[in-house]
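A short worksheet on the structure shown next.
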Amino acid sequence: QNNEEPKKRKSRWADDEPKPVFQLPDFMKDLAGGMDTDPEIQALNARLLEISRMLQSGMQLDNRPEGERSPSPEPVYDNIGIRINTREYRARERLNRERQEIISQIIKRNPNFKPPADYRPPKLQK
Amino acid sequence: PGIGIGPIIGETPTKVLCLTEMITSDELMDDGEYEEILEDMREEGGKFGALTNVIIPRPSKSGEQVAGVGKVFLEYSDSSSCASAKDALGGRKFAGNTVTAVYYAEDKFYNGDYGA
């Protein structure tokens, strides 16, 4: 060794970086998003599923007995005289509103959540 | 295992590891660089077990083709050291190049055949 270079020359080897941790591909993350561990989101998801089932099943949505119902609003009729705001209709609207509200809340907690195609973000209120 | 670049199916472990895609013949022509590369190989390769030999074929000054130029051969005293070196060095970067590590047939290595 005739040259006086410092003993500790930088090796050409790159530092042994740890092998990359296995990462879920993006589409898997979406699936995993359904298995959320946050209990609040779990509850919201469960309710969302329940509402979606009720809306799709065609079952009677408001089956409260007569005495427990709240007073009906003034009837609204369409242009051929059929009542629009039936009890059934109002119950459906109520569920739809709750559904949209739940989706909004899930999105708030998990911005990666993919809302259903018919979800409309609430209009920003002044 | 199997993290590296497409291991050949049925690849049998040997005591000789062949590293490729890491150095150019220009670097090997230069005596200083060659010595440094050799040193880097001994130092890094020695971390995985007893290195018995390090061979880095160099291009000939006359310009004729020399088999195995650009490859680095690390011979270990046992194949399990060789296997851990293969796992660790394959995919690592050397002078900015990503290294490919494969087992090399011992008989060829001992016969001085570096061109396989």
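Quick look at the numbers
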| item | result |
| --- | --- |
| Backbone N under 17 Å from the B:SER25 label point (7 Å along Cα→Cβ), restricted to region B:87-114 | B:114 |
| Interchain or long-range residues, amide H under 5 Å from B:PHE94's placed H | A:ALA14, B:VAL99 |
| In sequence order, calculated HN-Hα J values of region B:28-43 (Karplus, 6.51, -1.76, 1.60; Hz; x Gly/Pro) | 6, 5, 7, 4, x, 5, 4, 4, 5, 4, 4, 5, 4, 5, 4, 5 |
| Sequence-distant residues sharing a close amide H with B:THR52 (under 5 Å, placed H) | B:GLU75, B:TYR76, B:SER77 |
| Cα centroid separation - region A:50-69 against region B:25-93, whole Å | 76 |
| Shape category assigned to region B:22-110 from the gyration tensor of Cα positions, a/c cut at 1.5 | prolate |
| Inter-site label distance for B:TYR110 and A:ASP78 at 7 Å from Cα along Cβ, in nm | 9.2 |
| Phi-based couplings in Hz for region A:106-119 (Karplus 6.51, -1.76, 1.60; Gly and Pro marked x) | 5, 4, 4, 7, 9, x, 7, 4, 9, x, x, 4, 8, 6 |
| Proximal aspartates and glutamates to A:LYS123, defined as alpha-carbon separation beneath 16 angstrom and excluding residues fewer than eight positions away on the same chain | A:GLU98, A:GLU101 |
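Laboratory data are not the source of any read-out in this text; all were calculated from the coordinates shown. From a predicted model like this one, the values you see are computed outputs, not experimental measurements. No Cβ is skipped: glycine too gets one built from the backbone with ideal geometry, and neighbour counts run over all protein chains shown.
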